[in-house]
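The values are calculated or read from the model by the stated rules, or taken from the named source; none is laboratory data. For clarity, every value in this text was computed on a predicted model and none was experimentally measured. With ideal geometry, Cβ positions are generated from the backbone for all residues, glycine too; neighbour counts draw on all protein chains shown. In case anyone asks, the SASA skips ligands and DNA or RNA and just uses the protein heavy atoms, side chains included. Shrake-Rupley method; radii C 1.70, N 1.55, O 1.52, S 1.80 Å.
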Amino acid sequence: MSHVRVRFAPSPTGFFHIGSARTALFNWLYARHTKGIFILRIEDTDKERNTEDAKQILFQGMKWLGLYWDEGPEVGGDYGPYYQSERTDIYRCYLEQLQKIDRTYEKDGAIYFKVTGEPQIIEDAVRGRVERTEDKDFVIFRSNGLPVFHFVNVVDDITMGITHVIRGEDHLSNTSKHTELMKAFKVELPQYAHIPLLLKQQGPGKMSKRDRGSLIEEYEQRHFLADAVRNYLCLLGWSPKDDREILPIEEIIQLFDLKGINKNNAKFDEKKLAFINTDYLRNLSLEKFHMLCQPILNESKIIPEDVNEIFVHDVLKICREKIRSIEELPKYCTYFFSEKYSINEKAKQKIFKKGDPLARLNEILSSLETLNSFSEETLEKTVASLAMTHNVSSGEYIHPTRIAVSGNQYWTWLLCNASSIRKRKCFVPY
RNA sequence: CUCCCGUUCGUCUAGCUCGGUCCAGGACACAGGGUUUUCAUCCCUGCAACAGGGGUUCAAAUCCCCUACGGGAGGCCA
């Protein structure tokens, strides 16, 4: 049985940043890899922005990504409470310990911690040996009586038995403060692992909440597949080292290790995410795909009330092969359910450039009207024989028809489409 | 300004621990071609990198140093 205990300790800000999500993910992966415990701790000492909504956004994002925690809010645990706002007694107690050994002093109403000023050596699992000296005393309790981040973070890690601190590299410089405190409390240092940061795709600096695509909730709203987003996030700073990129989470868990994490920062690439998302989409079972499409179909209100469920299923079967993300489903499938689709002018003009598309459409329409079966086979035969008798290529029928029934020259495979829509008055737009 | 971390194709990365098998491999993106009666898929080809300079060595992407550049920290924010 592993004794590994890791934590993700966000402060609820009202959004779930993709960089935070990646930190959570790496902690979760390591916990699962070692069969250890993954703890969620809420750093809500800064009351201002700590609202119920903010917490829910965080929990929702975690759950969406499948990062379920073993201890923390909603699930409890033996090391609680898991909200810092409820741990003030513990902080007081630890403050007294420092006061007893004369490692504090008061100035301007705030309590300062006296540093030793000795070089702090951190054996970081990702970066190796890092040495830094903390030469200034720092505040651990504000004049308003509330403890500050560095203090609570360390006390919580101690009292929650955290064995591995996996966090962003932005904390590396501050680690010397933490080790100073840890040593003052005479506890063993945890294993630190500072993971690289996520940089914005354009321009300098790390990704911030204002950057497009920086929030997890955005991907959820845009109907990305959570598994795909999670897979992509794993690849930012980590790789299985064998040229594979898309792999099941169970395998990632098995392969994941702190030593395999890169040192350098990574830029977030939306296109790669999109590619991975498409791959996951194509590998979905039709049932799962249908289920995931349901919300966006409902939102977009393109499906009539009295629709035949089997028909919807058939339509989705076609769509799954064509679309690149669930987000573009409504745009693609509207014409299956409604005749109010618009005709792509460019596509139409292209068709009218050669031959006589209107004549072809009339011919195909007359032929179709005599059919009582719209199976793929009969449709194909119909088109083929028309082409034969008029001595033109079948494309001359297919292209105008597709535009007539869908409004677009792309995507749909005509025969499939036509059999689905049956004998609708699909040539009217001309 | 001080301190810390980093630097392989445009991007994510493999290779660096144990120097030769790397005139550097994969993927995304991009460009071209093929399959598909269209589209999507799929397949093929191309493009493109060891930041620069010094060492060490028979031999360096791999080890050492310097410079440049990028990132982070330096709050009574987290």
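Quick notes
Listed here are the residues, each with its yes/no results for (1) touching a residue at least 40 places away in the same chain (Cβ under 8 Å); (2) open to solvent by 10 Å² or more (accessible area, probe 1.4 Å); (3) near RNA strand B (Cβ under 9 Å from one of its atoms); (4) outside the structural domain of A:GLY19 (by TED's automatic domain parsing).
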residue	(1), (2), (3), (4)
A:ARG127	yes, yes, yes, no
A:ASP135	no, yes, yes, no
A:SER143	no, yes, yes, no
A:PRO147	yes, no, yes, no
A:VAL155	yes, no, no, no
A:MET182	no, no, no, no
A:GLU188	no, yes, no, no
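- Within the option set A:ASP53, A:ASP46, A:ASP70, being at pLDDT 95 or above and open to solvent by 50 Å² or more (accessible area, probe 1.4 Å) holds for one residue only, A:ASP70.
- Among the residues of the stretch A:10-46, those that are charged (D, E, K, R) and more than 13 Å from RNA strand B (Cβ to nearest atom) comprise A:ARG32, A:LYS35.
- Residue within the stretch A:253-265 that is at pLDDT below 90, over 19 Å from the mean Cα position of the chain (by Cα) and either basic (Lys, Arg) or open to solvent by less than 70 Å² (accessible area, probe 1.4 Å) (or both) present: no
- Filtered residues of the stretch A:232-249 (kept if assigned to a helix (DSSP H, G or I) and either within 11 Å of RNA strand B (Cβ to nearest atom) or among the small types (Gly, Ala, Ser) (or both)): A:TYR232, A:LEU233, A:CYS234
- Restricting the stretch A:266-285 to residues that are open to solvent by 60 Å² or more (accessible area, probe 1.4 Å) and near RNA strand B (Cβ under 7 Å from one of its atoms), the residue that is nearest to A:ARG320 (Cα to Cα): A:ARG282
- Meets criteria (among the acidic types (Asp, Glu), in a helix (DSSP H, G or I) and away from RNA strand B (no atom under 16 Å from the Cβ)) for A:GLU96: yes
- Any hit, the stretch A:299-321, residues being of a type in the set (Val, Ile, Thr), open to solvent by 70 Å² or more (accessible area, probe 1.4 Å) and part of a helix (DSSP H, G or I): yes
- Residues in the stretch A:30-40 that are open to solvent by less than 10 Å² (accessible area, probe 1.4 Å) and in contact with a helix residue (DSSP H, G or I) (Cβ under 6 Å, 6 or more places away or on another chain): A:PHE38 alone.
- For the stretch A:163-180, the candidate set comprises residues that are open to solvent by less than 20 Å² (accessible area, probe 1.4 Å) and more than 9 Å from RNA strand B (Cβ to nearest atom); within that set, the residue that is nearest to A:PRO81 (Cα to Cα) is A:VAL165.
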